[in-house]
2 protein chains.
Amino acid sequence: MDRSSNHAPVRIRWARSADAATIVRLIRELAVFEKLEDHVRVTEADILRDGFGPQPRFECLLAEVDGVPAGFALFFPNYSTFEGRPGLYLEDIYVVPEARGSGVGRALMARLARIACERGWTRFDLSVLHWNPARAFYERLGFDHGADWLGYRLEGHALARLAEEGGET
Amino acid sequence: MDRSSNHAPVRIRWARSADAATIVRLIRELAVFEKLEDHVRVTEADILRDGFGPQPRFECLLAEVDGVPAGFALFFPNYSTFEGRPGLYLEDIYVVPEARGSGVGRALMARLARIACERGWTRFDLSVLHWNPARAFYERLGFDHGADWLGYRLEGHALARLAEEGGET
């Protein structure tokens with residue numbers, strides 16, 4: 001018996017439509033952690049439609065310990081025009097407080113890296129809040145912080161206003 | 001006759017497979033502008049496969065002035081788990097030097113905003129190099145710089161190394 005760890009084994013599996021409520025719950029928990037819970041509008045119907053419908057917008061892994069959800073990772077492809085290849089963009093990763101420090105996060109990240117490599121996706125990208133201690137974890141895994149790049153976003157009324165100028169294609 | 005501008009009219013249209021060589025050329029010009037030309041590996045075959053094959057990875061608009069390519073915008077959907085909706089991620093936008101200042105960039109951005117709104121995509125995101133003067137242009141259009149978020153990337157050997165840890169799903 002392997003006594004190098006006293007943790008229960010972590011199982012990583014693909015999420016299914018029956019997991020939609022769990023995914024919404026974990027997204028909400030992540031938003032609370034990020035102090036962004038006021039921004040959460042996602043519903044179970046959104047997750048069913050966009051994760052498990054005819055036009056999937058994301059893929060999702062669930063981590064389980066003793067059959068109980070311990071975390072999730074939700075991703076979709078982006079595309080590098082310099083590489084001429086897709087990459088993996090990790091939108092969300094979250095480990096429940098009770099399971100932290102037991103290798104769940106690392107198991108999820110390693111599975112994601114494997115998925116990227118198997119598909120010929122050449123990059124694994126994510127965004128993280130500057131105060132999030134997970135930065136040190138990502139750096140230990142070999143992630144580089146692309147400090148030269150800044151993110152910009154247009155949404156709400158400003159998006160609608162610019163859209164009014166855009167003619168038909 | 002509208003004499004408010006002496007610019008030739010800008011036409012924005014969807015790129016077609018016959019534009020693949022033009023797209024590669026414009027990607028290379030953008031990379032030179034960004035001082036990243038050493039990173040460009042994309043080929044015409046990549047653009048044909050990933051833009052115009054059975055599994056499109058991006059969509060692309062071309063801007064033309066007097067029938068000559070004046071710029072392009074290449075995008076794909078991302079996904080907000082807080083919104084429960086896709087967004088538009090603008091990977092590349094570029095206007096050739098001869099056409100700058102004539103409204104090509106704004107016409108491309110407005111068309112992109114319209115596409116996002118028509119599809120029910122709630123955000124329009126992009127990344128820009130910190131020294132790029134286009135930042136002022138994006139800010140005039142209403143874009144916000146999400147200063148709280150940092151981008152991280154894993155690629156190359158570090159990605160392959162982590163992938164080795166990731167078991168089968």
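The values are calculated or read from the model by the stated rules, or taken from the named source; none is laboratory data. These numbers were taken from a predicted model, which means no experiment stands behind them. Neighbour counts run over all protein chains shown; Cβ positions are idealised from the backbone, glycine included. These accessible areas exclude ligands, DNA and RNA; they are computed on the full protein's heavy atoms, side chains included. Shrake-Rupley method; radii C 1.70, N 1.55, O 1.52, S 1.80 Å.
Less than 5 angstrom separates the built amide H of A:Arg57 from those of A:Gly51, all sequence-distant by 5 or more or on a different chain. If you plug the beta carbon distance of B:Glu37 and A:Leu36 into 1/(1 + (r/R0)^6) with R0 = 51 Å, you get a FRET efficiency near 0.85. Ligands, DNA and RNA left out, the accessible area of the protein assembly as shown computed with a 1.4 Å probe is 50% carbon and sulfur.
Expressed per residue, the C-alpha convex hull volume of the protein assembly as shown stands at 144 Å³.
Ordering A:Asp144, B:Asp46 by accessible surface, largest first, gives A:Asp144, B:Asp46; the 1.4 Å probe counts only protein heavy atoms, with every chain in place.
Rolled with a 1.4 Å probe across the full set of protein chains, the surface gives B:Glu34 an accessible area near 20 Å². Across the alpha-carbon set of the stretch A:51-169, the Rg to Rh ratio works out to 1.03, Rh being the Kirkwood radius. Here's the picture: charge each Lys and Arg Cβ at +1 and each Asp and Glu Cβ at -1 in the protein assembly as shown, and of B:Trp131, B:Leu150, A:Val96 the one pushed furthest to the positive end of that dipole is A:Val96. Across A:Glu98, B:Glu37, the residue with the most accessible area heads the list, and the full order at a 1.4 Å probe is A:Glu98, B:Glu37.
Computed over protein heavy atoms with a 1.4 Å probe, the accessible surface of the stretch A:3-163 works out to 46 Å² per residue. Ordered from largest to smallest accessible area (heavy atoms of protein chains, 1.4 Å probe), the residues B:Thr43, B:Thr81 come out as B:Thr43, B:Thr81.
Applying the criteria of a DSSP loop state and at most 13 other Cβ atoms within 10 Å to the chymotrypsin sites (Phe, Trp or Tyr not before Pro) of the stretch B:97-157 yields B:Trp131. The value of relative contact order for the stretch B:35-79, using C-alpha pairs under 8 Å at least six residues apart, is 24 percent.
A simple rule links phi to the HN-Hα coupling: the Karplus curve 6.51 cos²θ - 1.76 cosθ + 1.60 with θ = phi - 60°, which for the stretch A:140-153 gives 4, 6, x, 5, 9, 8, x, 5, 6, 9, 10, x, 10, 9 Hz, with x for Gly and Pro. Would you mind working out the magnitude of the charge dipole of the protein assembly as shown relative to its Cα centre, with +1 at each Lys and Arg C-beta and -1 at each Asp and Glu C-beta, to the nearest 20 Debye? So the magnitude is around 120 debye. For the stretch A:104-150, the fraction of C-alpha pairs more than 12 angstrom apart is 68%. Multiplying the residue separation of A:Asp148 and A:Asn132 by 0.36 nm and removing their Cα-Cα distance gives an extension gain of 3.8 nm.
Pairs of Cα atoms nearer than 8 Å and 6+ residues apart set the relative contact order; for the stretch B:3-163 it is 18 percent.
Net charge dipole, chain B: roughly 600 debye, given to the nearest 20, about the Cα centre with Cβ charges of +1 for Lys and Arg and -1 for Asp and Glu.
Gap in Å between the Cα centre of the stretch A:106-120 and the Cα centre of the stretch A:10-47? Cα centres, the stretch A:10-47 to the stretch A:106-120: 21 Å. Near the amide H of B:Asp92, within less than 5 Å, lie the amide hydrogens of B:Leu74, all on another chain or at least 5 residues away, with H placed in the peptide plane.
Estimated at the nearest 10 Å², the accessible area of B:Ile27 is 0 Å² with a 1.4 Å probe. Of the beta bridges in the protein assembly as shown, as assigned by DSSP with both residues counted there, near 90 percent are antiparallel.
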